[in-house]
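For reference, the structure is listed below as structure tokens.
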């Protein structure tokens with residue numbers, strides 16, 4: 001049984017560009033949450049998707065947007081990249097969003 | 001608002017020493033509490049959880065008890081190993097399912 005998978009593993013972009021990160025949830029899970037983890041910090045909640053709708057959102061600007069597909073996989077899009085967007089982006093999946101969240105290995109984004 | 005505060009690291013111990021990592025929280029209602037562990041270059045792995053007051057979560061020799069009166073969820077292990085070296089995160093989950101993490105505590109265990 002595959003766990004949560006994220007792609008790509010690493011990504012390098014320049015300021016002003018746009019990026020799309022992808023996440024496939026654990027089998028049987030229907031909820032995907034995204035977190036940003038800056039170096040040396042704890043993860044910060046970006047948003048959560050359930051039934052293809054954004055259910056909760058953290059304190060992130062509109063440059064951060066997402067999508068969930070009918071197969072429950074999800075994308076995180078970030079527009080107009082800033083140097084401060086450099087971080088590890090973690091995806092977590094769960095059943096109904098209120099059970100244990102299982103994390104992927106993350107996508108390391110570097111903005112130059 | 002909801003928040004989690006952990007003791008600052010890094011924590012350096014010798015193998016077989018006793019470990020305590022302090023965690024306190026501020027929350028409305030009755031959140032579930034978690035400890036996650038992150039090994040170098042990896043994502044987060046759930047270590048243990050507790051869903052109500054006085055619950056004790058345990059796994060791989062680690063334990064933590066949900067103390068509502070002191071709003072704490074301290075992580076303990078009686079005898080650490082070199083393989084326990086990692087960053088440990090305390091977290092709470094609000095009613096909507098959002099996880100709120102502490103800043104993490106780096107543990108280094110020397111042989």
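With coordinates expressed along the principal axes, the C-alpha atoms belonging to the protein assembly as shown extend over 48, 37, 36 Å, beginning with the largest.
How high is the relative contact order of chain A? Use alpha-carbon pairs under 8 Å, at least six apart in sequence, and give a whole percent. Contact order relative to length: 37 percent. Rg of the Cα atoms in the stretch A:1-61, relative to 2.2 N^0.38 Å, amounts to 1.26. Over the stretch B:3-111, one equal point on each Cα, no solvent: what is log10 I(q)/I(0) by the Debye formula at q = 0.10, 0.16, 0.18, 0.19 Å⁻¹? Ignoring solvent entirely, the Cα scatterers give -0.25, -0.65, -0.82, -0.91. If you bin all the Cα-Cα distances of chain A at 10 Å, starting from zero, the percentages per bin are 16, 51, 29, 4.
Only the coordinates and a few stated rules stand behind these numbers; no lab work does. Note that the coordinates shown come from a computational prediction; the quantities given were computed from them, not determined experimentally.
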